[in-house]
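Take a look at the structure set out below.
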Amino acid sequence: MSFSPKEIWKEFAKNNIALAGIGIIAALLCMSVAAFVAIPADTFREWNDPASWLVYPKSALPAWVNYFLPQKIPEHLILEPEESHQESGSLYVVTDVFVTDYKYDSFPSDFIYRYTAKYSDSPLVQLSVIRPDGISSILMSTSLPASAEETTFQGMMFSTDNSVRKNVQNNIDFLFPTGSIPSQDLVFSDLAKNNVLKGVYVFKVTLYSVSGKATLDQSQFVLGGKAYGLMGTDELRRDLAVGILWGTPLALFIGITVSIGSVVLGLVYGVFAGFKGRTTDEAMMRFNDVIYAMPALPLLIILAVTVGNSIFLIVGFLVVFGWVGIAKVSRSMAMQIKTLQYIEASKLMGQKDFKIIFKHVLPQLLPYAFASIAISVPAAITTEAGLSFLGLGDPTFPTWGQILHDASVYGAAERGMWWWILPPGIMIAITGLAFVFIGHAMDSIVNPRLRR
Amino acid sequence: MGFKKYLAKRAITMFGVLMATLLITIALVGSNMDAILKQSVSLEIRQQVTNNKSLVSSFKTPEQLDTYVQNQIKQRIVALGLDQPWYTPQRLGLSMYKILTLDFGHAKFITSDTGSSDVKDIILEKLPRTILLFTTATAIVSLVGILLGAIAASKVNSKIDKITSGFAIISSSFPVWWMGLIMIFLFAFVYQIFPARATPEISPADPGYLPSLLYHMALPLITLVLIGFGSWAYLVRNFLVGVLQEDFIMAKRTAGIDEKKLLYRHALKNAAPPIVTVLALSLSGSLGGAIITEAVFDWPGMGRLYYEAISVLDLPVIIGATYVLTAFFLVSIFLADVLYGYFDPRVRRQ
């Protein structure tokens, strides 16, 4: 019954499905590393903070849908500036230029310019546009609140501001009545008809200051659209790609911790019961029966509501209900091993039970243990996802179940927001499948009877 | 050990489990329950006193009124036994006894469709709907699964066998409730065939209620079948492949019995014990899963009741629903044991 790791690996490499499983898990691990490296660890703390997602669009489709659509929907763009500054006499001018190639078939939903200015006195901020047809127009200009000392000011300019529309109406000669058309539909409009004028738009922000050198920081120009990023955004403007990516290490952590915890617990419990036999065995197995027959989900729900729903507590609860099946199997295996002669021999030599269990019995069960760890990962992940889906998970971490919970709360399915519900479920299934593949492959190696 | 003794032992274990589950539930919600009960007592008495004008005017200062109210509250709490914590033997015994006799008390917030707040009424109203949905689903799933599994087993390694096995593994990796979201997306949004919410809008008293309920049941039912039948077919296939390799089948085959008869008569009969056991177990398993599935589809059964009770922390309902869910769960496990013992004599003679 014993296998060397080399033998197992040899069998393993012959099995395509097992290799596929390993490949998927490797990919998931890469995603986890990417999550830690590419996205600052604070982001998942900001997941539930609406303030940190202000510049993102609401319920935006993934940007790649444009490849399949005849009418390109506008992508949500968060533009970063090219900075420059000039000095002429006492006048100091800071210019931030935002360039975008607008090639979509409908107007942006709005545009916002946000900035943080550091200045003294009262400088002037001016936003203007140069259109693809060469026409330029001032959109808005505002003087910052006067201050004698150096101060910082956070400001925003909205396309919904009335002065933007007036400026555009005055500076650009449209050949159609511009009465009630919103300003972003005018800025991006053809002169003859109110259609989108495609091409390169340049938005220029100029900060004029007379005394001292004023600076513009965190200057961002946001062009509102209905598509964003790799995975779109949800109703609360959160970038779903961030959520899915962060969900990966969380799911792996939950799945692997729970399965290792329950396998180790079940193994030690079962082996001890099987090895001791008699009354100890009987009592331990009755207790095992009790836990086995308990309805796990209702109790998990009550535990999560009354005791707490931190992710570590949930992992603990899942272990409490997860070890029973393994204990049963390892008990019967231990009872077989117990009758082997070398165990009898070490008993006769006066070895302590404790030592026999850990030195001679448990190592025999290791292949089985590894197979069960792999097989019990998916259940742990789905159960946690289910709890989170009911809104009983740890709200501070964006797990896949959590994302689906939000999707269900905001009626994503009824409203057709497929990009909000498909990816988390597919990720849950893929992760589960990978471990099932590996588990089954190991099982068929460890249990020769299953081989055909 | 005789079969009777075996059954008795199982029954005792099951009863132990029921008690243990109840104890854990009471232990977990007990302190909250006390706080809520005390609060409602003090609210009730304050209301009684303020409504009684002559009593209020008989006090000279507000302090006197206040001490009077406090005394009344204390008396009531002692009368109800709330002065002792929930874990004292008397109170624990009393609450266990009440639950065992199905006296769950009154719900705090939730009411039944007819307006009753008696937990027993609420549960009796929701339970048939859960049983309707999940029993129907299990019946369809097992029928389709057994047929498909038999076909796959008769042609091992054929295309249909591989497709069944592949479908089984993939379909069982998706959570049922996620599949539910997808089905709502497909059949309530893209193709508007079925309603997205499974609760009928008309009142239960209306004669059109039952057809409407069945129509609303379609989407959850389809989802449960879609997710379930693959793994069933796979299971049945594996059992059958095992039986088909046994000597007696070989003997019958050489005797010239045709393959179809061999499969459906002889092999299936011998694969029956594990299949029936799994059937009973999957029924109990689906009851546990009902909480999430019903929450997704808004199916007005036990699962959603449980979910609602949890979200508003309606403790009497939580305890009552846990009790009923556990009892059903245990009955089906017990049934599985009995059936297994009945079909497989080795268990009895153990």
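Hey, can you tell me all the residues within the range B:107-124 that are touching a residue at least 60 places away in the same chain (Cβ under 8 Å) and either acidic (Asp, Glu) or loosely packed, with under 15 Cβ neighbours inside 10 Å (or both)? Let's see the steps before the verdict.
First, pick out the residues of the range B:107-124 that are touching a residue at least 60 places away in the same chain (Cβ under 8 Å): B:107-110, B:113-114, B:119-120, B:122-123.
Hits for the range B:107-124 are B:109, B:113, B:114.
Can you pull out the residues in the range A:113-140 that are under 25 Å from residue A:199 (Cα atoms) and surrounded by fewer than 16 Cβ atoms within 10 Å (Cβ to Cβ)? So that I can check it myself, show each step before the final result.
First, the residues of the range A:113-140 that are under 25 Å from residue A:199 (Cα atoms): A:113-114, A:126-140.
Of everything in the range A:113-140, those that are under 25 Å from residue A:199 (Cα atoms) and surrounded by fewer than 16 Cβ atoms within 10 Å (Cβ to Cβ) turn out to be A:132, A:133, A:134, A:135, A:136.
Which condition breaks for residue A:373 when tested against (1) closer than 18 Å to residue B:292 by Cβ; (2) part of a helix (DSSP H, G or I); (3) not acidic (Asp, Glu)?
All conditions are met except number (1).
Name the residues in the range A:405-426 that are touching a residue at least 60 places away in the same chain (Cβ under 8 Å), surrounded by fewer than 23 Cβ atoms within 10 Å (Cβ to Cβ) and touching a helix residue (DSSP H, G or I) at 6+ places or on another chain (Cβ under 6 Å), would you?
If the condition is that a residue be touching a residue at least 60 places away in the same chain (Cβ under 8 Å), surrounded by fewer than 23 Cβ atoms within 10 Å (Cβ to Cβ) and touching a helix residue (DSSP H, G or I) at 6+ places or on another chain (Cβ under 6 Å), then A:423 is the only one that fits.
Out of everything in the range A:145-193 that is part of a loop (DSSP other than H, G, I, E, B) and of a type in the set (S, T, N, Q), what residue ends up being surrounded by the fewest Cβ atoms within 10 Å (Cβ to Cβ)?
Taking the range A:145-193 first, the residues part of a loop (DSSP other than H, G, I, E, B) are A:145-146, A:159-161, A:172-182, A:188, A:190-193.
Narrowing further to those that are of a type in the set (S, T, N, Q): A:159-160, A:178, A:180.
Details: A:159: 25, A:160: 13, A:178: 17, A:180: 6.
Step by step, filter the range A:145-193, then rank; the result is A:180.
Residue by residue through the range B:169-192, note down the ones that are more than 8 Å from chain A (Cβ to nearest Cβ) and of a type in the set (Val, Ile, Thr).
B:176 - this is the single residue of the range B:169-192 that is more than 8 Å from chain A (Cβ to nearest Cβ) and of a type in the set (Val, Ile, Thr).
Looking only at the range A:390-406, count every residue that is at the interface with chain B (Cβ under 8 Å from one of its Cβ atoms) and at pLDDT 90 or above and tell me the total. Explain how you work it out, then say what you get.
To start, the set of residues in the range A:390-406 that are at the interface with chain B (Cβ under 8 Å from one of its Cβ atoms) comprises A:390-392, A:404.
Now restrict to residues that are at pLDDT 90 or above: A:404.
Final tally of qualifying residues: 1.
If we scan the range B:36-56, do we find a residue that is under 21 Å from residue B:320 (Cα atoms), hydrophobic (A, V, I, L, M, F, W, C) and surrounded by 12 or more Cβ atoms within 10 Å (Cβ to Cβ)?
Yes; the residues of the range B:36-56 include at least one that is under 21 Å from residue B:320 (Cα atoms), hydrophobic (A, V, I, L, M, F, W, C) and surrounded by 12 or more Cβ atoms within 10 Å (Cβ to Cβ).
Would you call residue B:229 modelled with pLDDT of 85 or more and more than 14 Å from every other protein chain (Cβ to nearest Cβ)? Step through it out loud before you land on a result.
Numbers: modelled with pLDDT of 85 or more: yes; more than 14 Å from every other protein chain (Cβ to nearest Cβ): yes.
Criteria met by residue B:229.
Does residue B:24 meet the test of being surrounded by 11 or more Cβ atoms within 10 Å (Cβ to Cβ), within 14 Å of chain A (Cβ to nearest Cβ), part of a helix (DSSP H, G or I) and at pLDDT below 75? Show your work before the answer.
Numbers: surrounded by 11 or more Cβ atoms within 10 Å (Cβ to Cβ): yes; within 14 Å of chain A (Cβ to nearest Cβ): yes; part of a helix (DSSP H, G or I): yes; at pLDDT below 75: no.
No; evaluated as a whole, the condition is false for this residue.
When residues of the range B:127-146 are filtered for being free of Cβ contacts under 8 Å to residues at least 60 places away in the same chain and closer than 18 Å to residue B:273 by Cα, how many remain?
Counting residues in the range B:127-146 that are free of Cβ contacts under 8 Å to residues at least 60 places away in the same chain and closer than 18 Å to residue B:273 by Cα gives 2.
Would you tally the residues in the range B:265-309 being part of a helix (DSSP H, G or I), within 13 Å of chain A (Cβ to nearest Cβ) and modelled with pLDDT of 80 or more?
Total meeting the criteria: 15.
Taking the condition of being in contact with a Lys or Arg (Cβ under 9 Å, 6 or more places away or on another chain) and of a type in the set (A, V, I, L, M, F, W, C), how many residues in the range B:257-286 meet it?
Summing the residues that are in contact with a Lys or Arg (Cβ under 9 Å, 6 or more places away or on another chain) and of a type in the set (A, V, I, L, M, F, W, C) in the range B:257-286 gives 2.
Which condition number in (1) modelled with pLDDT under 85; (2) closer than 18 Å to residue A:386 by Cβ; (3) crowded, with 21+ Cβ neighbours inside 10 Å is the one that residue A:293 fails?
Of the numbered conditions (1) modelled with pLDDT under 85; (2) closer than 18 Å to residue A:386 by Cβ; (3) crowded, with 21+ Cβ neighbours inside 10 Å, the odd one out for residue A:293 is (2).
So that you can scan it fast, the table gives a plain yes or no per residue for (1) within 13 Å of another protein chain (Cβ to nearest Cβ); (2) farther than 26 Å from residue A:384 by Cβ; (3) surrounded by 18 or more Cβ atoms within 10 Å (Cβ to Cβ):
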site	(1), (2), (3)
B:162	yes, yes, no
B:194	yes, yes, yes
B:206	no, yes, no
B:210	no, yes, no
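Are any of the residues in the range B:32-39 in a helix (DSSP H, G or I), at the interface with another protein chain (Cβ under 9 Å from one of its Cβ atoms) and out of contact with any Cys (no Cβ under 7 Å at 6 or more places or on another chain)? Steps first, answer last, please.
Start the filter on the range B:32-39 by keeping residues that are in a helix (DSSP H, G or I), which leaves B:32-39.
Those left that are additionally at the interface with another protein chain (Cβ under 9 Å from one of its Cβ atoms): B:32.
Now narrow it down to the ones that are out of contact with any Cys (no Cβ under 7 Å at 6 or more places or on another chain): B:32.
Yes, the range B:32-39 contains at least one residue that is in a helix (DSSP H, G or I), at the interface with another protein chain (Cβ under 9 Å from one of its Cβ atoms) and out of contact with any Cys (no Cβ under 7 Å at 6 or more places or on another chain).
Which of the residues that make up the range A:73-111 are charged (D, E, K, R) and touching a Gly at 6+ places or on another chain (Cβ under 6 Å)? Walk me through it before giving the result.
Here is the first cut: in the range A:73-111, the ones charged (D, E, K, R) are A:75, A:80, A:82-83, A:87, A:96, A:101, A:103, A:105, A:110.
The answer is A:75, A:110.
Please note which strands (runs of 3 or more DSSP E) are completely contained in the range A:1-106 and include at least 1 residues that are buried (at least 16 other Cβ atoms within 10 Å of the Cβ). It would help to see each step written out before you state the result.
On the way: elements: A:77-79, A:82-88, A:91-102.
Because the criterion is at least 1 residues that are buried (at least 16 other Cβ atoms within 10 Å of the Cβ), the strands (runs of 3 or more DSSP E) in the range A:1-106 that meet it are A:77-79, A:91-102.
Listed here are the residues, each with its yes/no results for (1) in contact with a strand residue (DSSP E or B) (Cβ under 7 Å, 6 or more places away or on another chain); (2) buried (at least 18 other Cβ atoms within 10 Å of the Cβ); (3) at pLDDT 85 or above; (4) not small (Gly, Ala, Ser).
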{"residue": "B:81", "(1), (2), (3), (4)": "no, no, no, no"}
{"residue": "B:98", "(1), (2), (3), (4)": "no, no, no, yes"}
{"residue": "B:140", "(1), (2), (3), (4)": "no, no, yes, yes"}
{"residue": "B:143", "(1), (2), (3), (4)": "no, no, yes, yes"}
{"residue": "B:149", "(1), (2), (3), (4)": "no, yes, yes, no"}
{"residue": "B:155", "(1), (2), (3), (4)": "no, no, no, yes"}
{"residue": "B:158", "(1), (2), (3), (4)": "no, no, no, no"}
{"residue": "B:167", "(1), (2), (3), (4)": "no, no, yes, yes"}
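Take the range A:250-282 and flag every residue that is within 14 Å of another protein chain (Cβ to nearest Cβ) and modelled with pLDDT under 85.
Residue satisfying the conditions is A:282 alone.
Looking at the range A:408-425, which of its residues are closer than 20 Å to residue B:173 by Cα and either of a type outside the set (Gly, Ala, Ser) or more than 7 Å from chain B (Cβ to nearest Cβ) (or both)?
A:418, A:419, A:420, A:421, A:422, A:423, A:424
On the basis of being away from chain A (no Cβ under 14 Å) and either part of a helix (DSSP H, G or I) or acidic (Asp, Glu) (or both), does residue B:73 make the cut?
yes
Checking residue B:232 against (1) without any contact (Cβ under 8 Å) to a residue 24 or more places away in the chain; (2) under 27 Å from residue B:328 (Cβ atoms); (3) crowded, with 21+ Cβ neighbours inside 10 Å: exactly one of these is not met. Which one?
So residue B:232 meets the others, but not (1).
Determine whether residue B:96 is within 14 Å of chain A (Cβ to nearest Cβ) and in a helix (DSSP H, G or I).
On the way: within 14 Å of chain A (Cβ to nearest Cβ): no; in a helix (DSSP H, G or I): yes.
For residue B:96, the condition - within 14 Å of chain A (Cβ to nearest Cβ) and in a helix (DSSP H, G or I) - is not met.
Just give me the residues in the range A:397-448 being touching a Lys or Arg at 6+ places or on another chain (Cβ under 7 Å) and under 18 Å from residue A:246 (Cβ atoms), in sequence order. Steps first, please.
If we filter the range A:397-448 for residues that are touching a Lys or Arg at 6+ places or on another chain (Cβ under 7 Å), which is where we start, we get A:444.
Matches in the range A:397-448: none.
Conditions tested, residue by residue: (1) in a helix (DSSP H, G or I); (2) of a type outside the set (Gly, Ala, Ser).
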| residue | (1), (2) |
| --- | --- |
| B:166 | yes, no |
| B:181 | yes, yes |
| B:194 | no, yes |
| B:199 | no, yes |
| B:227 | yes, yes |
| B:232 | yes, yes |
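Please work out if residue B:9 is within 12 Å of another protein chain (Cβ to nearest Cβ) and either of a type in the set (Lys, Arg) or more than 27 Å from the chain's Cα centre (by Cα) (or both). Full working, then the answer.
Values: within 12 Å of another protein chain (Cβ to nearest Cβ): yes; either of a type in the set (Lys, Arg) or more than 27 Å from the chain's Cα centre (by Cα) (or both): yes.
In short, yes.
Are there any pairs with C-beta distances below 6 angstrom linking a residue in the range A:289-311 that is more than 8 Å from chain B (Cβ to nearest Cβ) to a residue that is buried (at least 20 other Cβ atoms within 10 Å of the Cβ) and among the aromatic types (Phe, Trp, Tyr), with the two at least 6 apart or on different chains, and if so which?
Matching pairs, first to second residue: A:300/A:317; A:311/A:397.
The values are calculated or read from the model by the stated rules, or taken from the named source; none is laboratory data. As the structure is a computational prediction, the values presented were derived from the model and not from experiment. Cβ: placed from backbone, ideal geometry, glycine included. Neighbour counts: every protein chain shown.
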